[in-house]
């Protein structure tokens, strides 16, 4: 009985001790939620961090701290000299790099120290910024109290429910180090009094070289990922009509000739769709067939145009090279790269409309 009594006394006491220890640790550090890097010169970068400031009545606002240095690790040391508490990366969610820096210096030189930090999760997002990361993080956004939460939720809903392909630190590193694939990242910009995703950055190795817009991003997502949500607007030519299509389920399936550095490649794209908007009256069976035909042609033309763009830029965001290498034990990278420049790919959409939608 005494043992049982002691147990009941010790359990809440231990819980109180653990709670106190955790609170003390949090009170002694300043949590970084977002870090951004901007190009200053060939020998200088500027790092800006956003930290949450907790106010009364559960209000959270953002404050920024900036420092210039030669490398990102040096910038972290200088940022600490401006903070009353030690900066901690355990709650870091997003890493931003402005376009000029990503083009001239590349991504890896900026994030190398963060990839070696055990407190940083591999699901953190990396984004390219039009303009400067400092300006984007320092702006007060109407109806958005804390900028890091705003960016995190903006990215999440556009990746999970719109046209932006999924990417994070883990995916980026896998694409970067994978032979036969190049990474891609979302692009952010200030738009009026908000932050907008303006497109997807295309990288060669780890350097920014070009971008695609939101409409093109839909087709990159079709070619690279299994996903359940995304939208595409169709124009019914010569009839001044339009329809908005939403994917319910989409899966790309690559059929690649084995044991060849110059393989035939076909991509079956299975899509379950719904028409969520239509500019005219209710959709007849004949009109639905027309919409299906327009969509089928759109998928073929747009995906092929995207592949041609990637070939011209000598990049491979889709990862054809990686897929071919997995099918060929005698894979020769140089032979593959020579073939890739002018490679033709067959696109086979397999479309199922499950809902005709409503009149706009």
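The values are calculated or read from the model by the stated rules, or taken from the named source; none is laboratory data. These figures come from a predicted structure and were not determined experimentally. Cβ coordinates were reconstructed from backbone atoms using ideal geometry, including for glycine residues, and neighbour counts include every protein chain displayed.
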Segments classed as helices (runs of 4 or more DSSP H), wholly inside segment 60-139, with at least 2 members that are closer than 23 Å to residue 204 by Cα and out of contact with any helix residue (DSSP H, G or I) (no Cβ under 8 Å at 6 or more places or on another chain): 99-104
Matching residues, segment 203-220, being crowded, with 22+ Cβ neighbours inside 10 Å, in contact with a helix residue (DSSP H, G or I) (Cβ under 9 Å, 6 or more places away or on another chain) and not in a strand (DSSP E or B): 218, 219, 220
Set 121, 131, 106: member being at pLDDT 95 or above and surrounded by fewer than 17 Cβ atoms within 10 Å (Cβ to Cβ): 131
Out of 315, 347, sole residue that is part of a loop (DSSP other than H, G, I, E, B) and more than 17 Å from residue 231 (Cα to Cα): 315
Residue 156, sole failed condition from (1) assigned to a helix (DSSP H, G or I); (2) out of contact with any helix residue (DSSP H, G or I) (no Cβ under 6 Å at 6 or more places or on another chain); (3) surrounded by 22 or more Cβ atoms within 10 Å (Cβ to Cβ): (3)
Single match in 200, 147 (criterion: crowded, with 22+ Cβ neighbours inside 10 Å, free of Cβ contacts under 8 Å to residues at least 40 places away in the same chain and under 20 Å from residue 126 (Cβ atoms)): 200
Members of segment 66-92 that are in contact (Cβ under 8 Å) with a residue 60 or more places away in the chain and surrounded by 20 or more Cβ atoms within 10 Å (Cβ to Cβ): 92
Condition broken by residue 275, with the remaining ones in (1) outside the structural domain of residue 126 (by TED's automatic domain parsing); (2) assigned to a strand (DSSP E or B); (3) touching a helix residue (DSSP H, G or I) at 6+ places or on another chain (Cβ under 6 Å) satisfied: (3)
